[in-house]
Ligand SMILES: [Zn+2]
């Protein structure tokens, strides 16, 4: 977690952990032909399996660019007045 003071109020940056939030999106691109794995949420396994199958069908295609998108959330730190407002549901 990264913490910073901006405009005299403390904010904390942390990975998104909301119940309905995506935590990460994984994908891969073949570096030989540009074919892309379908994006998968919260697990790299579908992209990994896609790469193995792609190489199985195209034995000369063995290099991939693996991509991960992650999501952050900024929340008010303990000394930030927005923390009390958030607690009130404002
Ligand atoms: Zn390929």
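Just so it is clear, none of the values below were taken in a lab; they were calculated from the coordinates. Computed from a prediction, not measured in an experiment: that's the story for all the values here. Neighbour counts are summed over all protein chains in view; Cβ atoms, including those assigned to glycine, are modelled from backbone coordinates with ideal geometry.
So here's what we get for this one:
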read-out	value
Folded to 0 to 90 degrees: helix 45-57 orientation relative to the chain principal axis, Cα	20
Computed log₁₀ I(q)/I(0) - Debye formula, equal Cα scatterers, no solvent, the chain, q 0.13, 0.23, 0.25 Å⁻¹	-0.60, -1.04, -1.14
CD proxy at 222 nm, helix term only [per DSSP H run n ≥ 4: -39500 (n - 2.57); per residue of the chain; nearest 500]	-6500 deg cm²/dmol
Estimated distance in nm for a label pair at residue 84 and residue 66, the labels positioned 7 Å out from Cα along Cα-to-Cβ	4.7
Listed peptides 36-48, 17-29 by packing density, highest first (mean Cβ within 10 Å)	36-48, 17-29
